[in-house]
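Here is the structure we will look at.
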Amino acid sequence: MKPRSGQWALDGLYTLLIVILFLAAPISASAAPYAALVMDARSGEVLHSENADTRLHPASLTKMMTLYIAFEAVENGEISLDTEVTISANAAAEPPSKLGLRTGQRIKLRYLIRAAAVKSANDAATAIGEAIEGSEAAFARRMNRTAQAMGMSRTTFKNAHGLTASGHLSTARDMTILGRHVFYDYPEYYNIFSRRSTHAGLREVANTNRRFLDAYRGADGIKTGYTQAAGFNLVASAERRSERVIVTVFGGRSTATRNAKVAELMDLGFRKAPSRVAVRKPALPDYAIADARPGGTMAGKTIRLVRAVAKSPRPRPRPGPTTLPEDLLLAMQDDIRSALEQATAETVAEADAPAAPLSLDVTPPKRPDDIVLASAPAASEPLAITTPPPAPETEMASAEEIENEIVTRVSTSGGRHWGINVGKYGSRYQAERILLQTALTEIGMLDDALRKVVPRSGAYEANFVGMTKENAALACRRLSARNIDCTEIGPS
């Protein structure tokens with residue numbers, strides 16, 4: 001039986017609709033503008049670029065900045081990896097990709113970091129921003145301040161996750177700069193970007209970049225991104241031999257074509273990069289300069305850098321009995337010894353000197369204000385010197401006994417001759433940085449200790465000194481519990 005003409009028309013309409021839907025997806029994705037940049041990570045030299053300064057939608061590449069600030073906040077003592085964050089309704093309502101957090105739920109910051117870095121979870125990114133700055137808007141302002149301090153001059157952030165928002169834009173060059181900072185400024189956290197999967201508190205999550213990590217030799221990060229407006233984005237880093245290359249691509253048409261393009265640019269970068277080049281790490285963000293620029297948060301104001309820690313994230317120990325600092329005690333000891341030597345010398349000089357034409361009543365007074373100086377005798381009167389009776393042995397100790405007594409007290413009055421060692425490093429800068437990081441990690445124990453870098457056998461030891469034996473032992477136990485190497489240093 002012949003089908004009715006109306007049925008033919010309906011089938012044709014369905015077929016046409018399917019064709020339109022099939023063609024629409026690649027057309028909308030390919031409509032995203034393309035941009036790319038290849039950089040030698042060691043020197044910061046640009047090896048190749050296309051539209052590298054065009055402002056485009058960064059999508060989830062944004063989370064690199066969210067994570068950078070999270071690392072910074074942990075290192076500064078603003079928050080700890082084990083801080084339990086309460087999830088807001090705003091964070092829980094973020095669209096996928098997400099971890100599936102619920103309003104009012106409490107979860108440690110370390111799991112939010114893993115979810116944002118590996119799964120690219122939008123709810124986790126928003127929760128990180130709110131935990132550090134109190135609100136997503138305040139966190140976005142901090143993101144922009146950090147971007148300016150890094151020299152990301154054509155980037156504006158509106159949120160912590162990267163979902164499309166009016167004015168939320170960046171460039172291939174700026175995102176490459178950010179990726180380089182993540183690698184060099186916080187190498188201790190960088191390994192998270194190469195994990196194929198990780199446990200994020202609620203469940204195991206897979207890396208959105210695992211295909212490229214598995215396919216390209218030497219690849220170890222960093223971050224993917226996708227929205228319909230942005231296309232398929234990727235900032236990738238790879239190391240081969242002594243060379244490291246960072247590639248950024250905006251506007252890929254699909255995951256496969258984007259990864260193929262990044263691999264092509266990686267190969268180009270390794271061909272162009274010199275085998276040997278001096279490593280020039282990027283300087284840490286200079287917030288003072290960023291704030292002083294027009295439009296900065298402190299433009300036109302006097303900038304006063306406060307280097308002291310304003311508040312401690314941990315309670316300080318209860319004050320014990322007042323003990324004078326060791327250096328003050330030693331100074332007092334030297335002053336007393338000098339005074340004794342001078343007094344002894346003056347006594348000997350007076351004993352050897354001829355009698356003066358004076359009569360002194362030197363009978364030991366009962367009180368200091370009883371000392372009386374007699375008037376000079378008349379010329380006709382014979383001179384006489386009245387010698388005081390010897391003092392009983394039990395009432396006055398010799399200078400040697402006084403000195404010995406003071407030395408004994410100094411040696412037992414504090415014992416702050418101990419310290420701890422937290423490792424050896426290849427440069428003074430690395431040792432100083434580790435000392436600062438460790439001091440912030442255990443500020444309650446190490447706040448009063450002195451940081452000291454000791455050159456030894458081609459390396460630099462990072463030491464805390466000026467501690468009691470008990471404090472040194474306790475500090476080492478606490479640092480070891482945080483997986484930080486620590487060795488006690490006794491008096492030399």
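The values are calculated or read from the model by the stated rules, or taken from the named source; none is laboratory data. Treat the numbers as computed from the prediction; the structure is a model and nothing was measured. Backbone-built Cβ (ideal geometry, glycine too); neighbour counts: all protein chains shown.
Figures for the structure shown
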{"read-out": "Residues of the range 49-91 that turn out to be in contact with a helix residue (DSSP H, G or I) (Cβ under 7 Å, 6 or more places away or on another chain), crowded, with 24+ Cβ neighbours inside 10 Å and of a type in the set (Val, Ile, Thr), as a count", "value": "1"}
{"read-out": "Residue among ALA172, ALA131 that alone is crowded, with 21+ Cβ neighbours inside 10 Å, at pLDDT 95 or above and out of contact with any helix residue (DSSP H, G or I) (no Cβ under 9 Å at 6 or more places or on another chain)", "value": "ALA172"}
{"read-out": "Hits in the range 236-257 - residues which are touching a strand residue (DSSP E or B) at 6+ places or on another chain (Cβ under 8 Å), closer than 17 Å to ASP267 by Cβ and either hydrophobic (A, V, I, L, M, F, W, C) or modelled with pLDDT under 95 (or both)", "value": "ALA236, ALA238, VAL245, ILE246, VAL247, VAL249"}
{"read-out": "The listed residue being out of contact with any Cys (no Cβ under 9 Å at 6 or more places or on another chain), in the same structural domain as ALA263 (by TED's automatic domain parsing) and in a strand (DSSP E or B), out of THR224, THR176", "value": "THR224"}
{"read-out": "Residue in the range 124-171 that is nearest to ALA59 (Cα to Cα), counting only those that are of a type in the set (Asp, Glu) and in contact (Cβ under 8 Å) with a residue 12 or more places away in the chain", "value": "GLU136"}
{"read-out": "Residue within the range 224-234 that is crowded, with 21+ Cβ neighbours inside 10 Å and within 26 Å of ARG106 (Cα to Cα) present", "value": "no"}
